[in-house]
Structures are given as C-alpha cells and as structure tokens.
Amino acid sequence: MEESHQVPKRPRQKMYHIGGVQVLLPVKPYPSQLAMMGQIITGLKHRQNCLLESPTGSGKSLALLCSTLAWQREQTV
C-alpha cells in the first residue's frame, strides 16, 4: 500500500520594495509596519541602532523579521 505524501503549500507572499530592498510578506502589511520596516532597513544600511515603538498587536515581530531577513538576503547576493 502506497502512502501519499503531500507537499504543504507555501503561503503566497507579496513583494514590497522598501528602502531599496525587496521584502516578502505573507500578509498585507499595516501602514505602521511599512513605516517600521523602512526605518529598520535604513538603520541596517547605516549600521545604526533603532528604537521603535508600536502598540501590542501591530505586527512588530513580523515587520522586524521580514525586513531584516530581506536586507540580509540582499547582502549575500
């Protein structure tokens, strides 16, 4: 009896150009997330620290991870 192996579908991601970096996001970003990602990418490009505030539930973790990983990916290409 053969087992069927289904490959899980990858969620569709939308690409945004933020600060000259192509950022992939799995969901439509809030305007505050776009602003935060722009500041994060600017800080990374200039090797600066960033102090960013946003209320609970505003998507800080997603914005930080997506923008940082996108910037890192562009540095290695």
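If you check Val27, Val23, Val77 for being free of Cβ contacts under 8 Å to residues at least 60 places away in the same chain and touching a Cys at 6+ places or on another chain (Cβ under 7 Å), only one passes: Val23. Can you work out which of the residues in region 12-22 that are assigned to a loop (DSSP other than H, G, I, E, B) and either touching a helix residue (DSSP H, G or I) at 6+ places or on another chain (Cβ under 7 Å) or over 18 Å from Arg73 (Cβ atoms) (or both) is modelled with the lowest pLDDT? Taking the candidates together, the pick is Arg12. Within region 23-47, being out of contact with any helix residue (DSSP H, G or I) (no Cβ under 7 Å at 6 or more places or on another chain), open to solvent by less than 70 Å² (accessible area, probe 1.4 Å) and not in a loop (DSSP other than H, G, I, E, B) holds for Ser32, Leu34, Ala35, Gly38, Thr42, Gly43.
What's the number of the condition Cys50 fails, among (1) assigned to a loop (DSSP other than H, G, I, E, B); (2) within 16 Å of Leu69 (Cβ to Cβ); (3) modelled with pLDDT of 95 or more? Going through (1) assigned to a loop (DSSP other than H, G, I, E, B); (2) within 16 Å of Leu69 (Cβ to Cβ); (3) modelled with pLDDT of 95 or more one by one, Cys50 breaks only (3). Within region 46-63, can you find the residues that are of a type outside the set (Val, Ile, Thr) and either touching a His at 6+ places or on another chain (Cβ under 7 Å) or more than 15 Å from Ala35 (Cα to Cα) (or both)? Within region 46-63, His46, Arg47, Gln48, Asn49, Gly57 qualify.
The values are calculated or read from the model by the stated rules, or taken from the named source; none is laboratory data. For clarity, every value in this text was computed on a predicted model and none was experimentally measured. Because the Cβ atoms are built from the backbone with ideal geometry, glycine has one as well, and the counts that use them run over all protein chains shown. Just the protein is used for accessible areas: all its heavy atoms, side chains included, with ligands, DNA and RNA removed. Shrake-Rupley method; radii C 1.70, N 1.55, O 1.52, S 1.80 Å.
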